[in-house]
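The values are calculated or read from the model by the stated rules, or taken from the named source; none is laboratory data. Model, not experiment: these values are computed from the prediction. Note that each Cβ is placed from the backbone with ideal geometry, even for glycine, and that neighbours are counted across all protein chains shown. All accessible areas refer to the heavy atoms of the entire protein, side chains included, with ligands and DNA or RNA removed. Shrake-Rupley method; radii C 1.70, N 1.55, O 1.52, S 1.80 Å.
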Amino acid sequence: MRKYAVCWILGALLILQGCGAREGITGAGSGGGIPNSPSASASSAQLPGPSAEAFKMPDVVPHLEVTVGGAAFEAQKGGYCWNDKEKGTGVCADAAAMPPSFEDVKAKPLANSGDEIALAWSGDPPDSVHSIAYFPGSERPGEAIELQDGKLRVAAGKGDQLYVVTATWPQGTVPYFFGIRADADEDAKETAGADTVLRKLAWEAMPEGDKATVVGDWREAEIDVPGLHPAGLTAVNGEGDVIELPQAGSERLSTVTFHTNNESMLGPMVAVIERESNKLLGWLIRF
């Protein structure tokens, strides 16, 4: 009788150990913790792996350089999409509705009615070009301007003029815009010409390392920013020496201010020039 009891106890122990083993196998997939959800495992397995190729961007969307009234500048772009099917590249850029307001136009050179407006694209020339001149602040409707030999003509009339040039390539259509102040008086033209000389002088004297930080077109540098009086301030001249700018004759000094991508810490680059001699005295010391 005792032998049967011992056999019965041993059999019960073997059954219990088998159940424990099955429980251990069930939890083995999660290291003995809570088993993974079957639905979660299935959905993860169905997700595609990371692509071997990064999203391809176009090489360059063409830039438009405009030359008019003795000034050369890059026209601003409106919204566009640019897709090159052969290279498998594409990009879209948003911009304000066209035509923009005249206040949003950076380049506004002086020119005379009938002056040539030369257009030059950075890449292949477009298949077609459509140009319209608008006249902000007047009731005059927009006028289509015909392109001849790669050039436009400044529209007749005095005042602000806004030009929208829409160019089309196989890769897409890109609108460009710029402004012109037409038939300004002689004093305004003389001032604009002198300002161009100051900007060019300062730009050519700027160290190459600092040029790389300038934001925007150097031709749009600010002349004589209101409230900025360089007289008595310290500057660094072309030889790297720290100098104090003269108090006497400060009315003959002009400043040319270039905004930079690090001016929140250092301030802008400000050149001080003696107007009568067109001599660069130095650069205001940055913080």
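The set of residues from region 179-200 being modelled with pLDDT of 90 or more, open to solvent by less than 50 Å² (accessible area, probe 1.4 Å) and either within 16 Å of Trp218 (Cα to Cα) or more than 29 Å from the chain's Cα centre (by Cα) (or both) comprises Leu198, Arg199. Restricted to region 78-91, and to residues there that are at pLDDT 85 or above and of a type in the set (Gly, Ala, Ser), the residue that is farthest from the chain's Cα centre (by Cα) is Gly90.
The one condition from (1) small (Gly, Ala, Ser); (2) over 18 Å from Lys106 (Cα atoms); (3) at pLDDT 90 or above that Gly249 does not meet is (3).
For region 108-122, name all the residues that are of a type outside the set (Asp, Glu) and either within 14 Å of Pro175 (Cβ to Cβ) or open to solvent by 40 Å² or more (accessible area, probe 1.4 Å) (or both). Lay out the reasoning, then the answer.
Step one: filter region 108-122 for residues of a type outside the set (Asp, Glu), giving 108-114, 117-122.
Hits for region 108-122 are Lys108, Asn112, Ser113, Leu119, Ala120, Trp121, Ser122.
Looking at this structure, is Val165 assigned to a strand (DSSP E or B) and either aliphatic (A, V, I, L, M) or open to solvent by 60 Å² or more (accessible area, probe 1.4 Å) (or both)?
On the way: assigned to a strand (DSSP E or B): yes; either aliphatic (A, V, I, L, M) or open to solvent by 60 Å² or more (accessible area, probe 1.4 Å) (or both): yes.
Yes: the conditions hold for Val165.
When the criteria are applied in full, Ala212 fails the requirement of being open to solvent by less than 60 Å² (accessible area, probe 1.4 Å) and either touching a His at 6+ places or on another chain (Cβ under 9 Å) or of a type in the set (A, V, I, L, M, F, W, C) (or both).
Listed residues Thr191, Thr173; which is in a helix (DSSP H, G or I) and among the β-branched types (Val, Ile, Thr)? Can you show your working first?
On the way: Thr173 fails: in a helix (DSSP H, G or I).
Being in a helix (DSSP H, G or I) and among the β-branched types (Val, Ile, Thr) holds for just one of Thr191, Thr173, which is Thr191.
Residues in region 46-77 that are modelled with pLDDT of 90 or more and of a type in the set (Gly, Ala, Ser): Ala75 alone. Among the numbered criteria (1) open to solvent by 40 Å² or more (accessible area, probe 1.4 Å); (2) part of a strand (DSSP E or B); (3) not basic (Lys, Arg), which single criterion is violated by Ala156? Result: Ala156 fails condition (2) only.
Only residues that are open to solvent by 40 Å² or more (accessible area, probe 1.4 Å), more than 18 Å from Gly159 (Cα to Cα) and assigned to a loop (DSSP other than H, G, I, E, B) were counted across region 124-149, and they come to 6.
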